[in-house]
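The values are calculated or read from the model by the stated rules, or taken from the named source; none is laboratory data. Bear in mind the structure is a predicted one, so any value in this text is a computation, not a measurement. Neighbour counts run over all protein chains shown; Cβ positions are idealised from the backbone, glycine included.
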Amino acid sequence: MVNTILIVAVAIILLSIGLTMIRFVKGKTSVDRVIAFDVMSIASIALIGILAYVTQRIIYLDVAIVYGLLGFLAVIIIAKYLEKSL
Amino acid sequence: MELLGAIITLMGSFVLLVASIGLIRMPDVYNRLQVGTKATTLGTILSLIGLVFLMPGWWGKLILLIFFVMMTNPVSSHVLARASYFIKIPFTDRTVVDKLKVSTKAQKVEYEEK
Amino acid sequence: MDFKIISALLGIIMLAMSFIAIYHKKMIVAVIATGAVGLFASIMYLFLAAPDVAMTEAAIGSGLSTIIFFYVLNRIRSNDKEGRESDEIDEVIK
């Protein structure tokens, strides 16, 4: 029962990543693409969390923490570059 | 208890799906920014809280991750909105008021060329 | 859980990102697409049960290379002054 619900949750998260990629391909400005990148990296954190439960390994959560930290830093650097104050 | 955690995780992933649909349908950069960070924060936090119910032994790292997402996500939203305002990306036609332009206090700290 | 279908979907997404990174005109979009390729490659390494490689890939491929690329792009832009810069603003916005 729990595994079935988690499979549905993983499928929904993958669908949401796919829909976000439509915005990445289509988006008019560069800021749209940065937002799409941010949404993809945060959805990946939820995906890795569910994956860590399914395989019963706690070390996968460390990968999620590294994801969150470096995605945040990349978004900050890109925004500073666009604002010309790096 | 485990069924409750799984249902909360499912709700979180559903919120993520709603966020990505809103990212396609919204007309403007600023509206997309709103959708892409607030709804995503809620979805990720719900998913991780569901994992806390599923696996109570891992609460330390999961709470750390929740705290981290809750701290960093509004900051990136704010920085992106500020950058896209100051490189003059146009609003949509239905925008009513621009309070940063009206405010006299914000005029002083307006962005200067470096 | 069977990981084959998920791996195939992630592979399709990575392929699309790689095509964007090669064929897009703007430099910024190409660099962001490269970061996204690193992001999904890291999840693929997790499916292959190698969390240390996944951590390294997420740190270097997605985070640090993007940061270094933008740092270098900023240094290049600030070298040539007025003539180039107005063009570059239009390129950034549209």
Margin query: For region B:19-33, give me the residue count where each residue is more than 7 Å from every other protein chain (Cβ to nearest Cβ) and in contact (Cβ under 8 Å) with a residue 24 or more places away in the chain.
Written below: 4
Notebook entry, point to check: Just checking, which of B:72, B:9, B:40, B:44 is within 9 Å of chain A (Cβ to nearest Cβ) and farther than 19 Å from residue A:16 by Cβ?
Noted result: B:72
Item checked: Hits in region C:43-60 - residues which are hydrophobic (A, V, I, L, M, F, W, C), more than 27 Å from residue A:82 (Cα to Cα) and facing chain A (nearest Cβ under 9 Å) -> C:43, C:46, C:47, C:49, C:54, C:55
Note to self: Looking at B:22, B:36, can you tell me which residue is within 23 Å of residue B:90 (Cα to Cα), modelled with pLDDT under 90 and small (Gly, Ala, Ser)?
What the structure shows: B:36
Next item on the list: Select, from C:39, C:15, C:48, C:9, the only residue that is on the phi < 0 side of the Ramachandran plot and buried (at least 18 other Cβ atoms within 10 Å of the Cβ).
Entry: C:39
Notebook entry, point to check: Which of the residues that make up region C:1-42 are at the interface with chain A (Cβ under 8 Å from one of its Cβ atoms) and not in a helix (DSSP H, G or I)?
Noted result: C:1, C:26
Check: Which of (1) modelled with pLDDT of 90 or more; (2) crowded, with 19+ Cβ neighbours inside 10 Å; (3) facing another protein chain (nearest Cβ under 10 Å) is the odd one out, the single condition residue C:66 does not satisfy?
Finding: (1)
Notebook entry, point to check: Which members of region A:6-65 meet the condition of being without any contact (Cβ under 8 Å) to a residue 12 or more places away in the chain and of a type in the set (D, E, K, R)?
Noted result: A:26, A:28, A:32, A:33, A:57, A:62
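Within region B:86-98, is even one residue of a type in the set (S, T, N, Q) and within 7 Å of chain A (Cβ to nearest Cβ)? Before the answer, list the steps.
Step one: of region B:86-98, the residues of a type in the set (S, T, N, Q) are B:92, B:95.
Subset that is within 7 Å of chain A (Cβ to nearest Cβ): none.
Within region B:86-98 (the criterion being of a type in the set (S, T, N, Q) and within 7 Å of chain A (Cβ to nearest Cβ)), the answer is no, since none of the residues qualifies.
Let's see how each residue does on (1) crowded, with 17+ Cβ neighbours inside 10 Å; (2) touching a Cys at 6+ places or on another chain (Cβ under 7 Å); (3) aliphatic (A, V, I, L, M):
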site: A:3; (1), (2), (3): no, no, no
site: A:6; (1), (2), (3): yes, no, yes
site: A:24; (1), (2), (3): yes, no, no
site: A:32; (1), (2), (3): yes, no, no
site: A:51; (1), (2), (3): yes, no, yes
site: A:62; (1), (2), (3): yes, no, no
site: A:69; (1), (2), (3): no, no, yes
Checklist line | Given (1) at pLDDT 90 or above; (2) closer than 18 Å to residue A:42 by Cα, number of the condition residue C:18 does not satisfy | finding: (2)
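In region B:47-70, is there at least one residue being among the polar types (S, T, N, Q), more than 16 Å from residue A:52 (Cα to Cα) and touching a helix residue (DSSP H, G or I) at 6+ places or on another chain (Cβ under 9 Å)?
Start the filter on region B:47-70 by keeping residues that are among the polar types (S, T, N, Q), which leaves B:47.
When the remaining residues are screened for being more than 16 Å from residue A:52 (Cα to Cα), the result is none.
No, region B:47-70 contains no residue that is among the polar types (S, T, N, Q), more than 16 Å from residue A:52 (Cα to Cα) and touching a helix residue (DSSP H, G or I) at 6+ places or on another chain (Cβ under 9 Å).
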